[in-house]
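Notes follow once the structure below has been shown.
What follows is calculated from the coordinates using simple rules that are stated; it is not laboratory data. Just so it is clear, the structure is predicted and the values come from calculations on it, not from any experiment. Every residue, glycine as well, gets a Cβ built from its backbone with ideal geometry; the counts of neighbours run over all protein chains shown.
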Amino acid sequence: MFGSSGIRGVANKEITPGLALDFGLAVGSIYPEVAVGHDPRVSSEMIEHAIVSGLLSAGSKVVKAGMVPTPTLALASRDYDCGIMVTASHNPARYIGMKVFKGGMSFNTKQQEEIEDLLEKKRFNHASWERTGNLGAMDSALEDHSEAILKNTAGSDLKVVVDCGCGAASVITPYVLKRMGCEVLTLNSQPDGSFPGREPEPVEENLSLLKKTVRAAGADLGIAHDGDADRMMAVDNMGRFISGDKMLALFAQREAKSAIAVPVDTSKVIDDILGGVKISRTKVGDVYVAEELGKTGGEFGGEPSGAWIFPKISLCPDGIYAAARLVEIVEREGELAGLVDSIPEYPVKRGAFACSDKKRAMEEIMQKLSGLGEINTLDGIRVDTGDGWVLVRPSGTEPKIRITVESKNRCEELYAEASGIVSRAVA
Ligand code: MG
């Protein structure tokens, strides 16, 4: 039931109030005090109310944080037995879902399985009528998160354009940057769950307005978030979108002291620029990166998709802190374009193919790919071809199969070969 980042599906079709009620009952059967928050999606409050009802029925004390980003709720959840965030992150508007946190970090596999088990068997603890839970509100979550960020960042008078994508970041990122001293220009910063300005995923094709605005305004940088603001991507002072691998390298170079964690689809650039730092590679999904950081005590972890984890703040990817930290870096070190250009880049090509039967397709892909080189199955299928690597894996959140190819000298060719295999398998 849990994908790589919680439970997710189309609202009122896969994720119904009935399922949400059961989910609340399951969580409430284990955790007596729960913080709940939601993003601005059209269906968020419908699902949140059903979850809260389940929690109360199980006898839990529930505290609502309101419309907040995921990292804000994750931070607030540290004062409770767990936290539930109602969000579908970067997915299109029709989706909804829930992510669960304990101690500021996503539920691990064992904690997820406990909930799944209760859901499957419908074994819930309905409290007796006089012991049903009570409901309260917390109004300090945004301020507490802002304070935690401001305490860890220096001031700046840079000019920054922020594109919140009409998501949850609208209520925090522009204000935090303004309090740092920045001149802030905003785009799509009215929360709106129909996402009228752009799709919520902060990928380059959705950020043309941000690129244009940074150039037109002569800004020092541009920031873009996904729907629940655990992700952050950026545009440099020349209006160029910065790739995920470069962003990862930029942060890692400055945060890493002894160890970092990255998923298997990360560029080998990171190995070449971080001498002496232990680099753990994990399954794809920020929850696995966070789990690894929890184990190794590493100083930084991230995913090229835009999820940056700074354990000094929390083990939940934090797009708002990442934005503040990037501003601080540019303030200290000078023009972002220059910093970005100083990082080497190996040709990487990524793609995705719609696929309804991922299991069957992956079996066929496995057979065909094994002819290309040495196979590794930590997550999906990774083939090392000697002059590069190919990773093919089913998406944890969508009916898609994703391909990543990196090769210094024959990226296009390798991509054509691998994507040919995948497109035939999904047909
Ligand atoms: Mg997200």
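Would you please classify the overall shape of segment 52-114 from the alpha carbon gyration tensor, given that a ≥ b ≥ c denote the square roots of the eigenvalues, rounded means a/c under 1.5, and beyond that prolate means a/b larger than b/c while oblate covers the rest? In terms of gyration-tensor shape, rounded.
A simple spin-label model places the labels of S342 and E45 4.9 nm from each other, with each point 7 Å out along Cα-to-Cβ.
The alpha-carbon positions of the chain define a convex hull whose volume is 131 Å³ per residue. You can think of it this way: the chain between I279 and N134 has 47.7 nm of extra reach, that is 0.36 nm per residue less the Cα-Cα gap. In the chain, a dipole from Cβ-located charges (positive for Lys and Arg, negative for Asp and Glu) runs towards its positive end, and of M362, A323, M238 it is M362 whose Cα lies farthest in that direction.
A dipole drawn for segment 63-157 from +1 and -1 charges on Cβ atoms has a positive end, and of F124, T87, T153 the residue lying farthest that way is F124.
If you take the Cα centroid of segment 106-162 and the Cα centroid of segment 232-296, the two points sit 25 Å apart.
The length gained on full extension between E113 and E204, counted as 0.36 nm times the residue separation minus their Cα-Cα distance, comes to 29.2 nm. Averaging the sequence gap over all C-alpha pairs within less than 8 Å and six or more residues apart, then dividing by the number of residues, gives the chain a relative contact order of 13 percent.
Pairs of Cα atoms nearer than 8 Å and 6+ residues apart set the relative contact order; for segment 123-261 it is 21 percent.
The Cα center of segment 207-228 and the Cα center of segment 340-361 differ in position by 24 Å. Ranking of L336, L414 by neighbouring Cβ atoms within 10 Å, starting from the fewest: L414, L336.
When peptides 378-386, 270-278, 25-33, 121-129 are sorted by average Cβ neighbour count within 10 Å, with the highest value leading, the order is 25-33, 378-386, 270-278, 121-129.
Ordered by the number of other Cβ atoms lying within 10 Å of each residue's own Cβ, fewest first, S267, S370 fall into the sequence S370, S267. Rounded to the nearest 0.05, what FRET efficiency is calculated for K257 and Q190 with R0 set to 35 Å and r the Cβ-Cβ distance? That pair, K257 with Q190, gives E of 0.30.
Let a ≥ b ≥ c be the square roots of the eigenvalues of the Cα gyration tensor of segment 340-427; is it rounded (a/c under 1.5), or, if not, prolate (a/b larger than b/c) or oblate? Taking the square roots of the gyration eigenvalues as a ≥ b ≥ c, segment 340-427 is prolate.
Going by neighbour counts of Cβ atoms within 10 Å, the residues I279, I309, I149, I115 line up, fewest first, as I279, I115, I149, I309. Projecting label points 7 angstrom from Cα along Cα→Cβ for R215 and A127 puts them 5.8 nm apart.
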